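Input: a single structure, listed below in structure tokens.
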Amino acid sequence: MSFDKKPEPKPVKWEVVYEDDECISIWRYNTNKSTFGPVDVEHKWKKSYNPWGKKEKKTLGDIVKEQKKKK
């Protein structure tokens, strides 16, 4: 007696999440649109990381705290 196993269908859409010190990257795949690579890549930068060296905007509270430290 043998049982014929049907192959499980491969997923059409899936996500792969990579996380490191600077950001969380989400790679989205969809084989209906492309079979060669991801369809969409999203980067979520962590608060502590400043990738382009931009100056952070100071709030009024931050300025007051700096003034108190100087005194």
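The numbers here are math on the coordinates, done by the rules we state, and not lab data. Not measured: the values here are computed from a predicted model. Using ideal geometry, Cβ is built from the backbone for each residue, glycine included, and neighbour counts are taken over all protein chains shown.
Among the residues of region 53-71, the ones that are surrounded by fewer than 10 Cβ atoms within 10 Å (Cβ to Cβ), part of a loop (DSSP other than H, G, I, E, B) and basic (Lys, Arg) come to 4 in all.
Listed by first and then second residue, the pairs linking a residue in region 9-33 that is of a type in the set (Phe, Trp, Tyr) to a residue that is in a loop (DSSP other than H, G, I, E, B) and surrounded by 10 or more Cβ atoms within 10 Å (Cβ to Cβ), with Cβ atoms under 6 Å apart and 6 or more places separating them unless they lie on different chains, are Trp27/Pro38; Tyr29/Pro38.
When region 34-62 is filtered for residues that are of a type in the set (Phe, Trp, Tyr) and either under 29 Å from Pro9 (Cβ atoms) or free of Cβ contacts under 8 Å to residues at least 24 places away in the same chain (or both), the ones remaining, listed by number, are Phe36, Trp45, Trp52. Give the residues of region 35-52 that are under 15 Å from Val16 (Cα atoms) and outside any loop (DSSP other than H, G, I, E, B), sorted by residue number. Across region 35-52, the qualifying residues are Asp40, Val41, Glu42, His43, Lys44.
When restricted to residues that are hydroxyl-bearing (Ser, Thr, Tyr) and surrounded by 12 or more Cβ atoms within 10 Å (Cβ to Cβ), region 5-52 contains 3.
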